Amino acid sequence: MSACCGNGSTPEGEVLGTYRKVLWVVLVLNFGMFITEAAAGWAANSVSLQADALDFLADSAAYIISLLVAAKSIRWRAGAALLKGGAMGVFGLWVLGMTVYRLFHPELPGAIVMGSIGSLALAVNVFCALLLMRFRNGDSNMRSVWLCSRNDALANIAVLLAASGVFATHSNWPDLIVGAAIATLALSGAWQIWRHAMGELRHARHGEQARKFAAAD
């Protein structure tokens with residue numbers, strides 16, 4: 001795959017068709033998990049589950065954007081990556097805000113619900129990450145899609161650790177710590193996507209300028 005997409009070129013033919021099919025699969029799985037985890041997080045009073053549910057929703061939107069721009073120019077794809085990076089950044093800031101709120105309004109989360117839903121979410125995200133792994137060395141848009149699933153899988157492992165901590169300590173601190181960690185992961189992923197996409201936009205701009213100078217000569 002790196003031979004096809006490592007330089008940021010648009011995937012063509014069979015690769016593009018496969019990419020779109022994979023995106024549809026992960027889109028359906030992510031939106032289904034958003035509904036499931038949002039309901040469970042609300043019922044269990046878990047910041048980490050609610051945060052992960054919103055991440056599933058953000059990823060669903062990201063996959064829709066990726067489907068729309070998969071065959072378009074590098075400018076379109078880099079622009080979509082910037083949009084997704086911005087969404088990840090907003091998500092990270094929201095989770096940090098929820099974590100601070102729970103510091104002053106503590107509620108004990110349901111550890112059993114956290115553990116069972118977190119396990120289901122982990123299985124879904126690992127499956128999605130494996131499907132998307134072949135596209136991880138593509139352009140910023142493809143890389144951002146893979147980063148979403150990879151980060152989600154890491155976040156799900158953290159949710160399971162939080163569930164164990166809540167069960168063992170009868171405290172909401174493990175849930176809050178994991179919520180803050182998920183937010184940090186989202187902000188880090190957003191920065192990586194923005195940096196990659198901005199580099200592609202600069203490269204595309206320089207290429208256009210070079211073509212204009214060549215045409216003028």
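Worth a mention:
- Backbone N under 11 Å from the Leu67 label point (7 Å along Cα→Cβ), restricted to the range 12-55: 20-29, 31
- Charge tally in the Cβ shell below 14 Å around Val95, where Lys, Arg are +1 and Asp, Glu are -1, Val95 excluded: -4
- Count Lys and Arg as plus one, Asp and Glu as minus one, and take only other residues whose Cβ is under 12 Å from that of Ala153; the net charge is then -3.
Read-outs: derived from the displayed coordinates by stated rules, not from any lab. These numbers come from a predicted model, not from an experiment. Neighbour counts run over all protein chains shown; Cβ positions are idealised from the backbone, glycine included.
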